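Visitor: Take this structure, written in structure tokens, and hold onto it; I'll ask about it next.
The values are calculated or read from the model by the stated rules, or taken from the named source; none is laboratory data. Treat the numbers as computed from the prediction; the structure is a model and nothing was measured. We place every Cβ from the backbone using ideal geometry, glycine too, and count neighbours over all the protein chains shown. These area figures cover heavy atoms from the full protein model, side chains too; ligands, DNA and RNA do not enter into them. Shrake-Rupley method; radii C 1.70, N 1.55, O 1.52, S 1.80 Å.
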Amino acid sequence: MDAQHIASAWLTHYLQCLSSNDIEGATNCFTADGWLRDILVFTWDNRTLRGREKILSYLRENLTRAGLSNLALEERQPKYLSPQASQFGVSFGIVFTTALGPGRGYVHLTSTDDGWKAVTALMLLEDLAGYKEAGPELGVYRNHDVAWEVVNRERRASIESDPYVLIVGAGQCGLVIGARFRQMGIKTLLIDKLPRVGDSWRVRHPTLTLHTPRSQHQLLYQPFPSNWPLYTSRDKMGNWLEQYAINQDLVIWTNSQITLPPVYDADAKKWTVTIDQCGAQHTVHPAHIVCAAGIIGESYLPEIPGSDAFEGMIVHTGTYPGGAAFSGKRVVVVGAGNTSADFCQDLVAQGAQSVTMVQRSKTCVVGKYPEYTRGLLASFPDDVPVDVSDLKYMTVSLKFAKERFAARAGELAAAEKELHEGLTKAGVKVYMGEDGSGMLPLVYERLGGFWVDVGCAQLIMTGKVQVKQGVEVAKYAKNAVVFTDGSKLEADAVIFATGYRKIRESMRKVFGDEIIDRTGQVWGLDEEGELKGVYRPSGYPGFWYAGGDLPHARFFSKRLAIELKAMMVGIK
């Protein structure tokens, strides 16, 4: 199979159809059930069109304004993006020009009875013409007679006095977006309520280690050192974020919060925002506010009768101090997701007298080794530039990915067979998603209902962690909890791994109902398989949500930067 010839022939025909406004011909370059994913090429939104009928309608409505031309194979990174055989058939990168600027994309072709057709194609706007993302600066300032500290101080003062964007939240997503905006020439101020950058990680439970490998969760522009652990621990991530903010020259106010609901002037297209920074009041007037405070909001602690009578400790995961505080105690952990599993394992290791996990419904459990890790490393290889991995990973919508996983339901279940049989025997109710598509869709649809196992399952199977299944805590007694089935369990501590409220609800306290009510749902998939609410118009002018995992932050920070830059320079 000559992948180069196949890709070139398909691309030539696709270009001919687009250039001659032969929309039906262009649509027929896709399989009957093919997918076209568009990021700012045809509209100012994230769209995925499935099937020839929808692609045809979309192109008919938007092709002319897109101004597509110069469609060609990607040659900048031939080792990774040149045509090559793939699980689909042939896959390759593309470049093109639009009315707004250069674009790029990635295509998966498959062989059909009617020739090679696109299963899925990603087309995205890479830069605005005349406003290309900056690379590294020279590092010599003026006539080599001005120190960096002077330049940095002047730049910082300019941003603090008149930011174009205010980012609320200086966690990993906020920092990545801030770094991207800086390279795009967008004056950006970040604020965070915690004392130090990275504290959002340092306040979490001591044994926390990311389940994804370092190649997947690296930050923009700044890969981890080659000797960095494969999985990043809590404190290492916190420290890495802190030095990242310094090295990326980000302007951040810590110990800072918005004190009054911001007011938007629709005529001036500016906000008035009052910020308390370490007790000092500041007012800024950004054109845009990006809420990067996470996808989850405040802790959700169920109100259960009898808490005043309970003599033990009641703790939510957000304030869990680590297992050592519960040594010798009888502990009940409510919830059966990732956090609960981590806590149960920690509690056993730190000498709790007994540990009981309370599972209300069912959980998707997958072993971290080998399949889960192997799959992530296949998508984000350590030796491939992360922008290439992100491009390929984002080529398909999450809905497409879910259907692909569901088609492999038997294979996915077989990989977890031994794990699931052991857990089921021990009383845990497990499944692989409603359609067998596994854990990944649950991340983007529910942001919960799963755990990646690193040892808790074995503790459950050996009886070191007990399971109470199909019930909830109905009330407290003096030294016990009573469940909805009437049973009672003695306890010295109850830890609620019951998740968090939605970010929109938590943001009402900051922005007020008038603003938040006009924004749409945040997280979950829309009918096209795109993430709701994040890195796209929120429904309120000048107000944006950002969040999720680092691949999405890296990839969609550019999409968000392009749209805000277009507004800044008057293109949009």
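Visitor: With a 1.4 Å probe and every protein chain kept in, tell me what percent of the accessible surface of region 127-219 is carbon plus sulfur.
Guide: C and S atoms contribute 52 percent here.
Visitor: How much area per residue is accessible in the chain when the probe is 1.4 Å and only protein heavy atoms are counted (Å²)?
Guide: 44 Å²
Visitor: Only loop residues by DSSP count here, and only those with at most 15 other Cβ atoms within 10 Å; note down the trypsin sites (Lys or Arg not before Pro) in region 99-196 that meet that.
Guide: LYS132, ARG142
Visitor: If you don't mind, another one. Here are several values of Rg and Dmax of the Cα atoms in Å: [x] 24.0, 97; [y] 25.5, 80; [z] 22.4, 69. Which one was derived from the coordinates shown?
Guide: Given [x] 24.0, 97; [y] 25.5, 80; [z] 22.4, 69, the calculated one carries the label [y].
Visitor: A further question on this structure: Mind checking the full-extension length gain between ARG508 and GLU434? Use 0.36 nm per residue of separation minus the Cα-Cα distance, one decimal, nm.
Guide: Once the chain is fully extended between ARG508 and GLU434, it gains 23.4 nm.
Visitor: Could I ask something else about it? With contacts defined as alpha carbon pairs under 8 Å and 6 or more residues apart, what's the relative contact order of region 373-497 in percent?
Guide: Answer for region 373-497 is 16 percent.
Visitor: Now, a different point. With θ set to phi - 60° and the Karplus curve 6.51 cos²θ - 1.76 cosθ + 1.60, what are the ³J(HN,Hα) couplings of region 46-55 in order, to the nearest whole Hz, using x for Gly and Pro?
Guide: Calculated HN-Hα couplings, in order: 9, 10, 9, 10, 10, x, 4, 4, 6, 5 Hz.
Visitor: So, with +1 on the Cβ of K and R and -1 on the Cβ of D and E, and no other charges, what is the size of the charge dipole of region 379-420 about its Cα centre, to the nearest 20 debye?
Guide: Charge dipole, region 379-420, about its Cα centre: 320 debye, nearest 20.
Visitor: Then there is this: Taking region 465-572, which GluC sites (Glu not before Pro) meet the DSSP loop condition and have no more than 10 other C-beta atoms within 10 Å?
Guide: Of the GluC sites (Glu not before Pro), the ones in loops of region 465-572 whose Cβ has at most 10 other Cβ atoms within 10 Å are GLU527.
Visitor: Shifting gears a bit: Pairs of alpha-carbon atoms within less than 8 angstrom and 6+ residues apart define the contacts here; what relative contact order does the chain have, in percent?
Guide: Normalised by residue count, the contact order of the chain is 15 percent.
Visitor: With a/c under 1.5 counting as rounded, go ahead and sort region 1-91 into rounded, prolate or oblate using the C-alpha gyration tensor (a ≥ b ≥ c being the square roots of the eigenvalues; past the cut-off, prolate if a/b is larger than b/c, else oblate).
Guide: Prolate, because a/c is 1.5 or more and a/b exceeds b/c.
Visitor: Quick check: from the Cα gyration tensor, does region 423-504 come out rounded (a/c under 1.5), prolate or oblate?
Guide: oblate
Visitor: Now for a different question. Put a dot 7 Å past each Cα toward the Cβ at ASN143 and MET461; how far apart are the dots in nm?
Guide: 7.5 nm
Visitor: Next question, about the same structure. Given a cut-off of 27 Å, name the pairs among LYS368/LYS468; LYS270/LYS558; LYS117/LYS565; LYS368/LYS464; LYS392/LYS565 whose C-alpha atoms lie farther apart than that in the structure shown.
Guide: Where the Cα-Cα span goes over 27 Å, the pairs concerned are LYS117/LYS565.
Visitor: Using modelled amide H (1.01 Å from N, peptide plane; none on Pro or chain starts), what sits under 5 Å from the amide H of VAL263, excluding residues fewer than 5 places away?
Guide: Excluding prolines and chain starts, which carry no amide H, the hits are THR272.
Visitor: For a quick check: with amide H placed at 1.01 Å from N, whose amide H comes under 5 Å from GLU298's, ignoring anything fewer than 5 positions away on the same chain?
Guide: The answer is ARG501, SER506.
Visitor: How would you classify region 529-572 from its alpha-carbon gyration tensor, with a ≥ b ≥ c the square roots of the eigenvalues: rounded for a/c under 1.5, else prolate if a/b is greater than b/c, otherwise oblate?
Guide: Oblate.
Visitor: What are the ³J(HN,Hα) values, in whole Hz, obtained from phi via the Karplus relation 6.51 cos²θ - 1.76 cosθ + 1.60 with θ = phi - 60°, for each residue of region 324-330 in sequence order, with x given for Gly and Pro?
Guide: In residue order, the calculated couplings are 4, 5, 10, 4, x, 9, 8 Hz.
Visitor: List every residue whose amide H lies under 5 Å from the amide H of SER307, counting only residues 5 or more places away in sequence or on a different chain, with H placed 1.01 Å from N in the peptide plane.
Guide: TYR476
Visitor: Once phi is turned into ³J(HN,Hα) by the Karplus curve 6.51 cos²θ - 1.76 cosθ + 1.60 with θ = phi - 60°, what whole-Hz value does each residue of region 508-515 show in order, with x for glycine and proline?
Guide: 4, 5, 8, 9, x, 5, 4, 6
Visitor: Checking the cross-link filter: which aspartates and glutamates have an alpha carbon closer than 12 Å to that of LYS502, excluding same-chain neighbours under 8 positions apart?
Guide: List returned: GLU298.
Visitor: Relative to the present Cα-Cα distance, how much length would full extension add between GLU528 and TYR369 at 0.36 nm per residue of separation?
Guide: Gain on stretching GLU528 to TYR369: 54.0 nm.
Visitor: Would you work out the charge dipole size for the chain about its Cα centre, treating the Cβ of every Lys and Arg as +1 and the Cβ of every Asp and Glu as -1, and quote it to the nearest 20 debye?
Guide: 580 debye
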